[in-house]
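Here is the structure we will look at, set down as structure tokens.
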Amino acid sequence: MVPERGDVMRYSGFRVLLEGLRGNRGWRPAWRKPDPKPAYDVVIIGGGGHGLSTAYYLAKNHGITNVAVLEKGWLGSGNIGRNTTIVRANYFLPGNSEFYSHSLKLWEKLERDLNYNVMHSQRGLINLFHSDGQRDAFARRGNAMLAQGDDAVLLDREGVRELLPYLDFDQTRFPIYGGLYHPRGGTARHDAVAWGYARAADQRGVDLIENCEVTGIDIDQGRVTGVQTSRGAIRAKKVAIVVAGRSSQVAAMAGLRLPIESHILQAFVTEGLKPCIDHVVSFGMGHFYISQSDKGGLVFGGDLDFYASYAARGNLPMVEHVMEAGMTLMPMIGRAKVLRSWGGIMDMSPDGSPIIDRSPVDGLFINCGWNYGGFKAVPASGRCLAHLMATGAPHKVAARFRLDRFATGHLLDEEGTGSQHNLH
Amino acid sequence: MRITCPCCGSRDRREFTYYGSDDYLRRPDADAAAQAWDDYLHNRDNPAGETRDLWYHDPCGTWVKVTRDTVTHAIHACEPVAGEAG
């Protein structure tokens, strides 16, 4: 049975108990399956994390509920379901720092807000450093995090050993000098974030339309008027492109050429193990990071394969590199069997920071450029795009995520490596 | 993935460094408009399908223009950049 709008089932521990006693016959689908209407106030292209959260905050914060989210596959079938689930606010640059700080605060109340268990686990994140110079850089980053109002603790070698006794502290190539500890960092259940936002947006009247591929964007005299889709034409006063790795293709339908190159990023999961890695550990020098899922699998990844790709699978050189880095850092994982690996299509921007902005077409908005860090941004990204679409002015924590910043030189180069496509 | 170096023949992808789209071969004039420079440096077609991009063969120092498919990772053609760029 597909629920009607307003037919809201609240989730709770009591409900689980009650349904258990009744043979679990009372559960209903979490959202409707509406056919598209001929027209909406807002059409959001892309039913991933960012698109769904945009729809939710449009409805919740701005009362704009005549909204459709168009998804060419099924909800949450893109990067929101293919990432390594890390949530953190350890950015340094003004422009990034306040945005990710805002996002973490939204995460911390997300489950109550959505009435959905997204399994947000603030287990702490540790970024390791391996030289005096790196220690200085991390001390500076930690101070920026504290100045932003977030948490950061600079650990020495013994401090790291206390938290992560299983690391190879004797290795000589990258000796562990210490780590920057971010206690509020952690992980969340990635699919549940998409489902939670979908259900909460649906309850507020948003139409979530799956298997609906956008094939054209209608523009009349420089203003967007709607979209053409595999399920017919849909008129709209405002349209947002929120499609991550496919941003260039959808923007091209509006005649736009974006500062985006799509790259492949691989991730890996092992068989389930008993709890052994209690934190998120990031080994930047080896391009390796790892956490353990609640199911027990070790979830880890590395760097981009570093060439433009839409293949959603990587090549062997990066697989080997990631395994070598993992073995260098924590030889104890060497006996764990890798169950699967996969690749996501990353919308890489030249400076490594995102774009939440208007486009040159009136009424058409763009949210892209999340590089390899879009998951933790899901709440604030939707919140800020909704604010921009509803009020016409950028949200104060996303004011620097401008589309034209590459032309004007107002770059947000968090890594400090330069503003060029092959550097991030 | 294997790429054919015009000097050395078919070689493992690990011997190459990726630079980016062959837009880099179409450098604007020094007095071109800012928009032309923005397009040259930042904006990309970023095709899902056939693309042409630049790879550097580290051992021999040859720049290679590779025509390949970004969806299948198939390599269609590898040509030397030397002689083409102005």
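Nothing in this text is a laboratory measurement; each read-out follows from the coordinates by a stated rule. Everything numeric in this text was worked out from a predicted model, so none of it was measured. All Cβ positions, glycine included, derive from the backbone under ideal geometry; neighbour counts span all protein chains shown.
Residues are listed down the side, and each one gets a yes or a no for (1) surrounded by fewer than 23 Cβ atoms within 10 Å (Cβ to Cβ); (2) more than 23 Å from the chain's Cα centre (by Cα); (3) among the small types (Gly, Ala, Ser):
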position	(1), (2), (3)
A:167	yes, yes, no
A:170	yes, yes, no
A:174	yes, yes, no
A:180	no, no, no
A:184	yes, no, no
A:187	no, no, no
A:192	yes, no, yes
A:195	yes, no, no
A:198	no, no, yes
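May I ask you to say which residue of A:381, A:341 is hydroxyl-bearing (Ser, Thr, Tyr) and assigned to a helix (DSSP H, G or I)?
A:381
Please report, ordered by residue number, the strands (runs of 3 or more DSSP E) entirely within the range A:212-268 with at least 2 residues that are within 23 Å of the chain's Cα centre (by Cα).
Filter on the range A:212-268 gives A:232-241.
Given (1) part of a loop (DSSP other than H, G, I, E, B); (2) in contact with a His (Cβ under 9 Å, 6 or more places away or on another chain), where does residue A:181 come up short, assuming only one miss?
(1)
Take the range A:296-318 and flag every residue that is assigned to a helix (DSSP H, G or I) and more than 9 Å from every other protein chain (Cβ to nearest Cβ).
Within the range A:296-318, A:318 is the sole residue that qualifies.
Have a look at A:56, A:40 and point out the one that is crowded, with 23+ Cβ neighbours inside 10 Å, more than 21 Å from the chain's Cα centre (by Cα) and aromatic (Phe, Trp, Tyr).
None of the other options fit; the residue is A:40.
If you go through the range B:41-71, how many residues are over 17 Å from residue A:249 (Cα atoms) and away from chain A (no Cβ under 11 Å)?
Final tally of qualifying residues: 10.
Any idea which of A:326, A:255, A:226, A:232 is within 22 Å of residue A:385 (Cα to Cα) and more than 14 Å from chain B (Cβ to nearest Cβ)?
Just a single option satisfies the conditions, and that option is A:226.
Could you list, in sequence order, all residues of the range A:390-421 that are crowded, with 22+ Cβ neighbours inside 10 Å, touching a Gly at 6+ places or on another chain (Cβ under 9 Å) and either within 13 Å of another protein chain (Cβ to nearest Cβ) or outside any loop (DSSP other than H, G, I, E, B) (or both)?
Across the range A:390-421, the qualifying residues are A:398, A:421.
Could you tell me whether any residue of the range A:349-361 is under 29 Å from residue A:58 (Cα atoms), touching a Lys or Arg at 6+ places or on another chain (Cβ under 8 Å) and in a strand (DSSP E or B)?
The answer is yes, given that some residue of the range A:349-361 is under 29 Å from residue A:58 (Cα atoms), touching a Lys or Arg at 6+ places or on another chain (Cβ under 8 Å) and in a strand (DSSP E or B).
Would you point out the residue of the range B:17-28, among those that are more than 9 Å from chain A (Cβ to nearest Cβ) and in contact (Cβ under 8 Å) with a residue 40 or more places away in the chain, that is surrounded by the most Cβ atoms within 10 Å (Cβ to Cβ)?
B:22
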